Structure formats: structure tokens, C-alpha cells
1. Out of all the residues in the range 125-156, which are under 20 Å from residue 100 (Cβ atoms) and surrounded by 15 or more Cβ atoms within 10 Å (Cβ to Cβ)?
2. Could you count how many residues in the range 142-184 are closer than 22 Å to residue 200 by Cβ and either part of a strand (DSSP E or B) or touching a helix residue (DSSP H, G or I) at 6+ places or on another chain (Cβ under 7 Å) (or both)?
3. Of the numbered conditions (1) without any contact (Cβ under 8 Å) to a residue 60 or more places away in the chain; (2) surrounded by fewer than 19 Cβ atoms within 10 Å (Cβ to Cβ); (3) within 16 Å of residue 121 (Cβ to Cβ), residue 180 fails exactly one; give the number of that condition.
4. State which residue is farthest from the chain's Cα centre (by Cα) when the search covers only the range 64-80 and only residues that are at pLDDT 70 or above, assigned to a loop (DSSP other than H, G, I, E, B) and over 19 Å from residue 137 (Cβ atoms).
5. Looking only at the range 196-211, decide whether some residue is without any contact (Cβ under 8 Å) to a residue 60 or more places away in the chain and either closer than 21 Å to residue 65 by Cα or buried (at least 17 other Cβ atoms within 10 Å of the Cβ) (or both).
6. Could you check how many residues of the range 187-225 are at pLDDT below 90 and assigned to a loop (DSSP other than H, G, I, E, B)?
7. Which residues, counting only those in the range 168-185, are farther than 17 Å from residue 90 by Cβ and in contact with a strand residue (DSSP E or B) (Cβ under 9 Å, 6 or more places away or on another chain)?
8. Could you check how many residues of the range 85-111 are in a loop (DSSP other than H, G, I, E, B) and surrounded by 14 or more Cβ atoms within 10 Å (Cβ to Cβ)?
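The values are calculated or read from the model by the stated rules, or taken from the named source; none is laboratory data. These numbers were taken from a predicted model, which means no experiment stands behind them. Ideal geometry is used to build each Cβ from the backbone, glycine not excepted, and the neighbour counts take in all protein chains shown.
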């Protein structure tokens, strides 16, 4: 991924994080340009490939802790609305009494030989009573695109051991072997950084290492040695 959050991979998906609870925006409101995305009240986290008719917009809604997918209208139909195809909760099951969630980060890494399915990784941020297992990264799969039963299916909820993970990154393909790893940082409690290895083709995460020396890291740089 580039620093601007826009990838140059040749797929037809876009992901954003939203502070709004309503996913209904027209293409004209989105201000779509060939190499960037500007959406009022939205901050683009990752854009996978170019914007094109038939593509999909994935939005993570912070206040409602939901993930939605909707079609991107073509430029020719810029004034048409884009009704969500599916909206799902990202919160983990059976949270502690007094838990209060807000969504944080969304990542859709481009497919690779080792990870052919572009799973959607989103982080939960519990700002209420904490779970001793930490907050989760929820993993979703976009299923049956373009078919009547198109949707979002929860694949896994992985407890991170840290509280309120905000920054999250998967290694880029340009760094050999880096796409196997996901790193995230918490901003509450002992916070710190946790590194996970993607397993089962990306459907699961395996703990690798943790560092709590610096409590509130928010972004990451991948270096090839």
C-alpha cells in the first residue's frame, strides 16, 4: 500500500473508515477521481485498486461498530444513490458487562499467491469495561459478489491481548514475506504493539511477539533487511 492509502493493485474494491452511521452517499458526494477518493465525513484507510463500474465500497462505521458493502455507481450515474448490499456487526460475542465499542481500523490486503482470498480485517475498540483477553480483530469474507446472496460473512474474532487497537497494518508484497504478518497497536491499558502471523490462508491470526515499551504507536513502516 502507498502512504496515501491508495494501492495500485488491479482489483475492484475500495475500503474506507467512517465516523458516520449512515452509508448512503452518492458518487457525486464521493468526488471520485481516477487516482484518489474524497468522501465527506469519511477518511480513506485503504483503497484497493482503481475505481470502476461494478466495484464495491467497504465502509467501517465507528459509532455503530458495523461494516457495510455497497456498489460504487459509475461516473455516468454519478447522481444515483448507492444502497448498502449488506451491513454486519463487528463486535465480539459475550462482551463484559459495561463494554462500549467503537470501530477503529479496516484493512483489505491485495490477494497474493499465499493469500489468494482478500479477507477484510477490522479492529474493535472497547472504551468501556475491558475484556481481560483484550479487544478483537474481526475477520470477514466478501461472499458471492454480484449475485443475489452477496454479503459479508464473519470468519473469525481474534483476541489481541491489547486494549483499543487503532493502528493496524499488513506487510506489503514488495517486502519479501511481509504479507504474512499483521501488526497492531493499542492506546489504552499497557497498550503497546502486537505482531501476528496470518494463518489458514488469512482466516486466522497467530501471536508472534509483543512490545509495550512505547505505549501508543499508531503507524508502522516495513523495512526489508
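1. Narrowing the range 125-156 to residues under 20 Å from residue 100 (Cβ atoms): 125-138.
The answer is 125, 126, 130, 131, 134, 135, 136, 137, 138.
2. Total satisfying the criteria: 22.
3. (1)
4. Residues of the range 64-80 that are at pLDDT 70 or above, as a first pass: 64-73.
Next, only the ones that are assigned to a loop (DSSP other than H, G, I, E, B) stay: 64-65, 72-73.
Filter once more, keeping what is over 19 Å from residue 137 (Cβ atoms): 72-73.
Values: 72: 18, 73: 21 Å.
Restricting to residues being at pLDDT 70 or above, assigned to a loop (DSSP other than H, G, I, E, B) and over 19 Å from residue 137 (Cβ atoms), the top hit is 73.
5. Within the range 196-211, the subset without any contact (Cβ under 8 Å) to a residue 60 or more places away in the chain is 196-197, 199-200, 206-211.
Checking the rest, the ones that are also either closer than 21 Å to residue 65 by Cα or buried (at least 17 other Cβ atoms within 10 Å of the Cβ) (or both) come to 196.
Yes, some residue in the range 196-211 is without any contact (Cβ under 8 Å) to a residue 60 or more places away in the chain and either closer than 21 Å to residue 65 by Cα or buried (at least 17 other Cβ atoms within 10 Å of the Cβ) (or both).
6. 17
7. Filtering the range 168-185 down to residues farther than 17 Å from residue 90 by Cβ leaves 169-181, 183, 185.
The answer is 169, 170, 171, 178, 179, 180, 181, 183, 185.
8. Restricting attention to the range 85-111, the residues satisfying the condition of being in a loop (DSSP other than H, G, I, E, B) are 85, 90-100, 108-111.
Still in the running and surrounded by 14 or more Cβ atoms within 10 Å (Cβ to Cβ): 85, 90-92, 95, 99, 108-111.
Adding up the residues that qualify gives 10.
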